[in-house]
Each structure stands twice: as structure tokens, then as C-alpha cells.
Amino acid sequence: MTPDLEIVHMGDEYLIDSRVLAAQLGYHHETVIRNITRHRTRLERTTVLRQLVGKPPKGTSGGRPEI
């Protein structure tokens, strides 16, 4: 079962987590990020794209931050 698509209201903006979006669409997260990057210019004509970097979960040995 995939998580519900959660839209977060932050300030004057609405945000969607690309990891949750990928799960809802049935794609790998990397595929969604690659397509956002590929179509960035076209997407930015109608919306603002924000890129937030997630920190590794507490209690783990770290690793590469997730975009």
C-alpha cells in the first residue's frame, strides 16, 4: 500500500514530497527526479521548483543526503 499524497503548506507555497509522489505513481524516486530535471525549464514556466535536501535518519551511519 502506498502512502497518501500529502501536500504541505509552507509559508505561501504548497509542497509535495517527490518520494511520496513517486510511490503514488508507481515509479522509482530516481525516475521522478530525472524527469523533473529533464523538464525543469518547462515546469518553471508555470510553477516554482524547490529542491530540499533530506538528512539521513537518526541512528544510521549517515550516507548521501537524499534530494
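Stretching the chain fully between residue 7 and residue 35 yields a gain of 8.1 nm (0.36 nm per residue, less the alpha carbon separation). Can you work out the base-10 log of I(q)/I(0) for the chain at q = 0.12, 0.27 1/Å, using the Debye formula on its C-alpha atoms alone? Scattering profile of the chain, log10 relative to I(0): -0.38, -1.32. Scanning the chain for trypsin sites (Lys or Arg not before Pro) lying in DSSP loops with no more than 13 further Cβ atoms inside 10 Å, the longest uninterrupted stretch between such sites is 1-44.
Helices in the chain, meaning DSSP H runs of at least 4 residues, each add -39500 (n - 2.57). Divided by all residues, the mean residue ellipticity at 222 nm is -8500 deg cm²/dmol.
Since every read-out is calculated from the coordinates, none of them should be taken as a lab result. Just so it is clear, the structure is predicted and the values come from calculations on it, not from any experiment. Virtual Cβ from ideal backbone geometry, glycine too; neighbours counted across all protein chains shown.
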